[in-house]
Amino acid sequence: MSLNYEEMSWSDVRDQFRKWREETGRHSEEVVQLWVAVLEDKVHKTGNERHLILEQVIIAALDTAQFDIATKCTKQLSLEFPGSLRVMKFKAMRYEALEQYDEADDVLDAIIAKDETNAAPRKRKIAILKARGRRVEAIKELNDYLKKFMSDQEAWHELCSMYLAEGEYGKAAFCMEEVLLHNPHSHLIHQRLAEIRYTMGGVENVEAARTYYSQALKLNPHNLRALYGLYLSCNFLANSKTVSSKRKESHKLAQWALEQVSSHTAKQSSIKNNEKLILSLEAALGNMEIKSN
């Protein structure tokens, strides 16, 4: 984004910062540049909005490794709100950005001691464990966190990703099932759970994957990834040692999925005369299957 700092007044910068906050956009480099060039000496004119601006600048400064600016703004907030847990959080974030993880942990522990219901510092402690490469400890801490904050969907998502990184597919599937309870109409969650089940392998898991892929397509018929997954699941089941009727049903469903993939690809592709590419895609998909032992 190109902004002419010389032509912007402090009120213009204030309005721009407000717009970015409302859009939940970081724009860290622009925020720091506008702060230094225009608003730093005029921040007292922004009234009650000053504290929000200072917090915005702190985060932007940490993003861009401008630690002196972050420290200066944090001190301004500390003078006005001594002992504030919110200000303590910014101090912990600064330590974390500097990779001073022990000091950050101490500050976060102090916040938790003052307010045990505060979820944010507990999540930051887990993030620090991940940053230090201590994934097993991070998983344990995240499990403990979810015992206290069971409805935190982002935490279940994160725990699922961590289990996948460790190859614990069964536990990852459990986490996604918890997320599914909160969002039963999300086609993306059905799709991800299907992918985990398909990766686990075996007739039972692939049948479950087919069910989840089907539900994802019911919720969003244009989900190409779910169509691919449905085709692969049905192709596996059609070549498995299940009963004949189930193999025939899976074969028909696989053919339908392949036709839908071809149709969607032809309609949505921006490439002209892509029939040859579609035929190549069909051939590639036709050769993709998992052989059961």
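The values are calculated or read from the model by the stated rules, or taken from the named source; none is laboratory data. Not measured: the values here are computed from a predicted model. Quick reminder, even Gly has a Cβ in these numbers, built from the backbone with ideal geometry, and neighbours come from all protein chains shown. We work out accessible area using only protein heavy atoms, side chains counted, and drop any ligands, DNA or RNA first. Shrake-Rupley method; radii C 1.70, N 1.55, O 1.52, S 1.80 Å.
The C-alpha atoms of the chain define a longest principal axis, and helix 275-286 lies at about 80 degrees to it.
Put simply, segment 62-211 fits an ellipsoid with semi-axes of 37, 15, 14 Å; these come from the alpha carbon gyration tensor as the roots of five times its eigenvalues, largest first. Just the protein heavy atoms count here, and of the accessible area of segment 122-173 at 1.4 Å, carbon and sulfur take up 49 percent. What the Cβ-Cβ distance of Lys147 and Thr211 gives, at R0 = 45 Å and to the nearest 0.05, is a FRET efficiency of 0.95. Note the angle between two axes, namely the Cα long axis of helix 101-114 and the longest principal axis of the Cα atoms of the chain, as a number of degrees from 0 to 90, rounded to the nearest 10. It is inclined by approximately 80 degrees. Considering all C-alpha pairs of segment 1-80, those separated by over 15 Å amount to 51%.
Too long at a 28 Å Cα-Cα cut-off: which of Lys75/Lys114; Lys91/Lys171; Lys42/Lys123; Lys123/Lys218?
On the way: Lys75/Lys114 21 Å; Lys91/Lys171 35 Å; Lys42/Lys123 35 Å; Lys123/Lys218 35 Å.
Violating the 28 Å limit, Cα to Cα: Lys91/Lys171; Lys42/Lys123; Lys123/Lys218.
When mean projected area of the Cα convex hull in nm² is computed from the coordinates, the matching label among (1) 17.7; (2) 29.1; (3) 20.9 is (3). Below 20 Å, Cα to Cα, which aspartates and glutamates can Lys72 reach? Residues fewer than 8 away in the same chain don't count. Result set, ordered by chain and number: Glu29, Glu30, Glu40, Asp41, Glu49, Glu55, Asp63, Glu80, Glu96, Glu99, Glu103. Extension gain for Gln255 to Arg18 (0.36 nm times residue separation, less C-alpha to C-alpha distance): 80.0 nm. Of the residues Lys218, Lys246, ranked by 1.4 Å probe accessible area with the largest first, the sequence reads Lys218, Lys246. Take the chain with all the other protein chains still there, run a 1.4 Å probe, and you get 57 Å² of accessible area per residue. With viscosity 0.692 mPa s and temperature 37 °C, the Kirkwood radius over alpha carbon pairs of segment 185-264 converts through Stokes-Einstein to a diffusion coefficient of 270 µm²/s. Kirkwood analysis of segment 131-244, using all unique Cα-Cα pairs, places the hydrodynamic radius at 14.9 Å.
Per-atom-type breakdown for segment 1-80 gives carbon and sulfur 46% of the accessible area (1.4 Å probe, protein chains only). Take every Cα pair under 8 Å whose residues are at least 6 apart in sequence, average their separation, divide by the length of the chain, and the relative contact order is 7 percent.
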